[in-house]
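A.B. asks: Please find one structure pasted underneath; my questions will follow.
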Amino acid sequence: MENPAITDHEIHPLIAHRWSPRAFDSKLVEKDKLAQLFEAARWSSSCFNDQPWTFIVATKDDEVNYQKLLDCLVPANVIWAQVAPVLSLVVAQKTFKHNGKPNAWGEYDAGQAAATLVLQATALNLVAHQMGGFDPAKAIATFNIPETARPVAAIAIGYAGETSNLPTDLQERETAPRSRYPLSSFVFTGEWGSSAPFV
């Protein structure tokens, strides 16, 4: 299933076709495609080129580590994410590598790396669903994440599956029209709340 964005202005098809489905196929993702995803993340931009991201990844053919990561998700996400063949945690470094000082942009940069990964997934006909619904404390304990880092998101990755395999309530959410706030509500000029003239 596809669910492309209906946009007010023309955007690149890769962006329009990126979405966050819950219906996954159990087919494993090829190793070369997995490597391409994280290579894309590797080339994301970051403050001072510090690259303050780490990805903890588990594939379904690695049952022990997959279950460890699945157990970090909240139950509502486990319902559908357990079908995805790849799960990942996005972890942001709290301090700069070059001087050890606090990195106020670490989470922002880790988010950019994740977004780049997701666009690469879309280019490879894969789908990805990013989640805030996970237990950071459990992730820290499970994967021995150091105090200098913070898990900020989880991602389910794989091939799109059949919506009919989801529980009824999730099927409805899966097929609902996509929507976004208008540009005028968040693109400002001059002062807060003053919409830019081109929107």
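The values are calculated or read from the model by the stated rules, or taken from the named source; none is laboratory data. Please read all numbers here as calculations on a predicted model, not as lab measurements. When we count neighbours, we look across all protein chains shown, and the Cβ atoms used for this are built from the backbone with ideal geometry, even at glycine. Note: areas computed on protein heavy atoms with side chains; ligands, DNA, RNA excluded. Shrake-Rupley method; radii C 1.70, N 1.55, O 1.52, S 1.80 Å.
A.B. asks: With the condition kept exactly as written, say whether any residue in segment 30-52 is open to solvent by less than 50 Å² (accessible area, probe 1.4 Å), closer than 13 Å to TYR159 by Cα, touching a Leu at 6+ places or on another chain (Cβ under 9 Å) and modelled with pLDDT of 95 or more.
C.D. replies: Yes, segment 30-52 has at least one match.
A.B. asks: Can you tell me how many residues in segment 1-50 are in contact with an Asp or Glu (Cβ under 9 Å, 6 or more places away or on another chain) and closer than 26 Å to LEU73 by Cβ?
C.D. replies: Total meeting the criteria: 10.
A.B. asks: Check segment 81-91 and report whether any residue there is within 20 Å of MET131 (Cα to Cα), more than 16 Å from the chain's Cα centre (by Cα) and surrounded by fewer than 15 Cβ atoms within 10 Å (Cβ to Cβ).
C.D. replies: Within segment 81-91, none of the residues are within 20 Å of MET131 (Cα to Cα), more than 16 Å from the chain's Cα centre (by Cα) and surrounded by fewer than 15 Cβ atoms within 10 Å (Cβ to Cβ).
A.B. asks: Take the residues in segment 57-79 that are in a helix (DSSP H, G or I) and without any contact (Cβ under 8 Å) to a residue 40 or more places away in the chain; name whichever of them is farthest from ALA35 (Cα to Cα).
C.D. replies: Restricting to residues being in a helix (DSSP H, G or I) and without any contact (Cβ under 8 Å) to a residue 40 or more places away in the chain, the top hit is PRO75.
A.B. asks: Tally up the residues in segment 110-132 that are open to solvent by less than 20 Å² (accessible area, probe 1.4 Å) and over 23 Å from LYS27 (Cα atoms), please.
C.D. replies: Here the count works out to 2.
A.B. asks: In segment 143-167, which residues are open to solvent by less than 70 Å² (accessible area, probe 1.4 Å) and either at positive phi or assigned to a strand (DSSP E or B) (or both)?
C.D. replies: Within segment 143-167, ALA149, PRO151, VAL152, ALA153, ALA154, ILE155, ALA156, ILE157, GLY158, ALA160 qualify.
A.B. asks: Kindly list the number of the only condition in (1) out of contact with any helix residue (DSSP H, G or I) (no Cβ under 6 Å at 6 or more places or on another chain); (2) surrounded by fewer than 22 Cβ atoms within 10 Å (Cβ to Cβ); (3) within 26 Å of LYS33 (Cβ to Cβ) that fails for ILE140.
C.D. replies: That leaves (3) as the condition not met.
A.B. asks: Take the conditions over 27 Å from ALA76 (Cβ atoms) and of a type in the set (Val, Ile, Thr) and apply them to VAL187. Does it pass?
C.D. replies: yes
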